[in-house]
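J.: Quick one: structure below, then a few questions.
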Amino acid sequence: MTAFLSSVALLLLAATSVSILLTRNWRWLSIFLAVQYVGVFLLALQHLPLSMATVKVIAGWMGAAILAMTRSNDDKTEERGDLLPQGGFFHLTAAGIVGLIAFTAAPQVDALMGGAGEAVSAGSMLLIGMGLLHLGVTDEPMRVTVGLMTVLAGFEALYAAVENSVLVAALLAVINLGLALSGAYLMTAARLAEELSAEESTEAA
Amino acid sequence: MNAPVIWIIFPAALALLLMLTQNKRLLSLSGGAIAALLAVAAQFVPMEEAFRIGSMSIRIESSLSILGRQLIIQPSEGPLLALLYGAAALWFFGAEASQSAPKFVPLGFLINALMIASIAVEPFLYAALFIEMVVLLSIPLVTSLYSPPGKGVTRFLIYQTLAMPFILLSGWLLAGVEASPGNLTLAAQSATVLGLGFAFLLSIFPLYHWMPMLLEEAPPFAAGFLLWILPTATLVFGAGFMDRYSWLRNSPELTVVLRSAGLLMLATGGVWAAFQNHLGRIMAYGVIAETGFALLSLSLDLRLGIPIFFLLFPARALGLTIWSLALNIIKAHVPSLRYSQVRGALRKFPFAVAGMVLASLSTSGLPLLAGFPPRLALWDSLARASSDAALWVGVGALGLFTASFRMLAVTSMSDEYSGWEVGENWLQAIMLGLGVIGLFILGVFPQTVQYFLAALPSMFEHLGH
């Protein structure tokens, strides 16, 4: 893959992972997550055949779609779509630090991973770091799921450099989908519990 | 016939079929009976040898190829399968008494099958992927669609998911260490990554705080099942790492790490348990201490440690089944498991409270109960290696005893004139009664399980010989 495509992938990952951290709107969150998997696909393509790299992007898109469809059922807690919501500056600064660490550590990770490529190492570290940052600042089921999917996406891009087994690719795709389904289950549970409690308080009144 | 088909694919397919059944009693009885049958078959049916049933000659092959990789169940792993399916049968029979059968039995079968797949898969480090699937399947098991998911479930999902990348990466790095054993930097890096993976998987201090949270939020029976099967299979998986990599097995640092982690788990689990005011949280700290005992057994001379490691398993399975069933029964009748809400529960649920207290005393290592023989052997061996470590085991055990007696004191405090009732139904009373008898049998006659346990170390090529 050309250096140009590597740069496109890195830019895409940086933009989407920061946007995922900042946005408060679930529609944008799902869209950014889906676009993030295009970046993962471009990175994975450096070490995997097209068919196996495609599995990653399709599994990611399906996961994003599952989360978005589940969230779309919850029309009561509509979020505001501010460009830079409250706490945005803090998130942006933290994302900057994570990005700095990811790009600084990329050469060492590249050496450790037997020549995965600096772009792959930097992109993976960025996704893992941003995913962990996301997990550290939220406990909402949808955001936790997106954070975990981001961490796993980073790991998958890196692991593709050293392991190209079909079984592993299939199991990782199953895990991505399972993660999205678990997130959807937790989101549904939270919504139903809220509806039940609202009904009970109405009946009591 | 093929061993992975019988003990992995068939139970998984059966689990999908059982999801269609709504009859709780049928689910519990059929699930328990089939699990028991699979356990008996694993123990007694020979693999890789032809045998006759009537006029038919049957040979059970040990491997199955899937997508270019293999699932292999070695004949020496039969007793482990018997232990896992035998304990699962206990849980499934208990599911009817705990009134959690509809979700519990099918998901339990799937989880058990995936855990066995994690032990059987080659290359073995792919086990991390199967363990992650178990974690994902556990989410509907420990949450209800009509109660909001708490922080415990979320943290459980996060921590267990983070383990998978570390384990997979460490597997790749360890292969590099084998290729160039002189590369100390690579060895240190791979050991660190491996350690982090297992710290997440086994919830080593301080990564265990989701356990008490989970037991506050989730149904205790389902959470108990999870806290039994996940650490058990993970410990076997971890021992597999030690078996395969000689540099890891022979490293003196590994002994120090395992002993320190085990003592931390045991001492903090025991001491924290003593200060809790919630029955579920105490059980969680008991589970943490149990994992500490298992880690300590792996830190001993492995010829002694591995038999103790396996001796801990039946006591853990039985103790946790009784403890979580008892908590489930009590929780169904009180608003919460806090001490303030369960005061005097002994007079309302005598079987459940007795089961809970005896199971916790077994975890503490009270003589005559199931937990005592392995703990005595462990403490004795540890004291020969390090008296400081033995002292810390004592501190942990003392904490667990304190928690048990506090539970007994709180649940037996009631008004002077309140009478005795039996709040459990007959099935619950029978299940708890049988379980308690089992605790005493394992405690007084530990040799009864030796028949199953004696062959277990042979599943490892180098450990315990």
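J.: Filtering region A:154-182 down to residues that are at the interface with chain B (Cβ under 7 Å from one of its Cβ atoms) and not in a helix (DSSP H, G or I), which residue is surrounded by the most Cβ atoms within 10 Å (Cβ to Cβ)?
T.: My answer is A:Glu163.
J.: Something else now. Within region B:48-78, which residues are part of a helix (DSSP H, G or I) and farther than 22 Å from B:Leu14 by Cβ?
T.: First, the residues of region B:48-78 that are part of a helix (DSSP H, G or I): B:75-78.
B:Pro75, B:Ser76 - these are the residues of region B:48-78 that are part of a helix (DSSP H, G or I) and farther than 22 Å from B:Leu14 by Cβ.
J.: For B:Gln341, only one of the following conditions fails: (1) part of a helix (DSSP H, G or I); (2) under 22 Å from the mean Cα position of the chain (by Cα). What is its number?
T.: (2)
J.: Here is a follow-up. Considering only region A:107-127, state which residues are within 21 Å of the chain's Cα centre (by Cα) and over 16 Å from B:Gln189 (Cβ atoms).
T.: The answer is A:Glu118, A:Ala119, A:Val120, A:Ala122, A:Gly123, A:Ser124, A:Leu126, A:Leu127.
J.: Would it be correct to say that B:Met164 is under 19 Å from B:Ala222 (Cβ atoms) and part of a helix (DSSP H, G or I)?
T.: For B:Met164, the condition - under 19 Å from B:Ala222 (Cβ atoms) and part of a helix (DSSP H, G or I) - is not met.
J.: Does region A:69-91 hold any residues that are among the hydrophobic types (A, V, I, L, M, F, W, C) and modelled with pLDDT under 90, and which are they?
T.: A:Leu83, A:Leu84, A:Phe89, A:Phe90
J.: Next question. Is it true that some residue in region B:247-261 is modelled with pLDDT under 90 and polar (S, T, N, Q)?
T.: yes
Yes/no matrix, rows are residues, columns are (1) crowded, with 16+ Cβ neighbours inside 10 Å; (2) under 12 Å from the mean Cα position of the chain (by Cα):
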residue	(1), (2)
A:Val18	yes, yes
A:Leu22	yes, no
A:Ile31	yes, yes
A:Ala34	yes, yes
A:Val40	yes, yes
A:Gln46	yes, no
A:Leu50	no, no
A:Gly60	yes, yes
A:Ile66	yes, no
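J.: Any residue in region B:201-212 that's touching a residue at least 12 places away in the same chain (Cβ under 8 Å): show its pairings with residues that are crowded, with 19+ Cβ neighbours inside 10 Å and part of a loop (DSSP other than H, G, I, E, B) at Cβ separation under 8 Å, as long as the two are six or more apart or on different chains.
T.: Here the result reads B:Trp210/B:Ser203; B:Met211/B:Ser203; B:Pro212/B:Gln276, each pair linking region B:201-212 to a residue that is crowded, with 19+ Cβ neighbours inside 10 Å and part of a loop (DSSP other than H, G, I, E, B).
J.: Could you tell me how many of the residues in region B:435-453 are hydrophobic (A, V, I, L, M, F, W, C) and touching a helix residue (DSSP H, G or I) at 6+ places or on another chain (Cβ under 8 Å)?
T.: Looking only at that region, the number is 7.
J.: Return a yes/no flag: does region B:282-298 have any residue that is within 16 Å of B:Leu263 (Cβ to Cβ) and surrounded by fewer than 24 Cβ atoms within 10 Å (Cβ to Cβ).
T.: The answer is yes; a qualifying residue exists.
J.: I would also like to ask the following. Among the residues of region B:419-435, is there at least one that is among the aliphatic types (A, V, I, L, M), in contact with a Leu (Cβ under 9 Å, 6 or more places away or on another chain) and surrounded by 14 or more Cβ atoms within 10 Å (Cβ to Cβ)?
T.: yes
J.: Follow-up. Filter region B:224-246 down to residues that are among the aromatic types (Phe, Trp, Tyr) and surrounded by fewer than 24 Cβ atoms within 10 Å (Cβ to Cβ) and give me whichever is modelled with the highest pLDDT.
T.: In this case the residue turns out to be B:Phe237.
J.: Report the residue count in region B:318-336 for those that are over 16 Å from B:Ser98 (Cα atoms) and either in contact (Cβ under 8 Å) with a residue 24 or more places away in the chain or among the charged types (D, E, K, R) (or both). Walk me through it before giving the result.
T.: The first filter runs over region B:318-336 and keeps only residues over 16 Å from B:Ser98 (Cα atoms), leaving B:335-336.
Now drop any that are not either in contact (Cβ under 8 Å) with a residue 24 or more places away in the chain or among the charged types (D, E, K, R) (or both), which leaves B:336.
Number of matching residues: 1.
J.: So which residues in region A:183-205 are surrounded by 19 or more Cβ atoms within 10 Å (Cβ to Cβ) and more than 7 Å from chain B (Cβ to nearest Cβ)?
T.: Correct list: A:Gly183, A:Ala184, A:Met187, A:Arg191.
J.: How many residues are away from chain A (no Cβ under 11 Å) and within 26 Å of B:Trp228 (Cα to Cα) if we restrict to region B:168-190?
T.: Qualifying residue count for the region: 1.
Matching residues to (1) away from every other protein chain (no Cβ under 14 Å); (2) free of Cβ contacts under 8 Å to residues at least 60 places away in the same chain:
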site	(1), (2)
B:Leu67	no, yes
B:Tyr85	yes, no
B:Ala89	yes, yes
B:Ala97	yes, no
B:Ala113	yes, no
B:Ile119	yes, no
B:Pro123	no, yes
B:Leu129	no, yes
B:Glu132	no, yes
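J.: Follow-up question, since we're still on this one. What residue, among those in region B:197-227 that are within 13 Å of chain A (Cβ to nearest Cβ) and part of a helix (DSSP H, G or I), is nearest to B:Ile330 (Cα to Cα)? Let's see the steps before the verdict.
T.: Kept after step one, since they are within 13 Å of chain A (Cβ to nearest Cβ), are these residues of region B:197-227: B:197, B:200, B:210, B:213, B:217-218.
Next, from what is left, pick out any that are part of a helix (DSSP H, G or I): B:197, B:200, B:210, B:213, B:217.
Details: B:Gly197: 36, B:Phe200: 31, B:Trp210: 22, B:Met213: 18, B:Glu217: 14 Å.
Checking each candidate, the answer is B:Glu217.
J.: Taking region A:100-152, which residues are under 29 Å from B:Thr154 (Cβ atoms), away from every other protein chain (no Cβ under 11 Å) and of a type in the set (S, T, N, Q)?
T.: A:Thr150
Residue by residue, here is whether (1) surrounded by fewer than 21 Cβ atoms within 10 Å (Cβ to Cβ); (2) among the small types (Gly, Ala, Ser); (3) in a helix (DSSP H, G or I) holds:
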| site | (1), (2), (3) |
| --- | --- |
| B:Ala370 | no, yes, no |
| B:Pro374 | no, no, yes |
| B:Ala390 | yes, yes, yes |
| B:Ala397 | no, yes, yes |
| B:Leu400 | no, no, yes |
| B:Leu408 | yes, no, yes |
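The values are calculated or read from the model by the stated rules, or taken from the named source; none is laboratory data. Since the model is a prediction, treat every value here as computed from it, not as a measurement. As a convention, Cβ positions derive from the backbone with ideal geometry for all residues, glycine included, and neighbour counts pool all protein chains shown.
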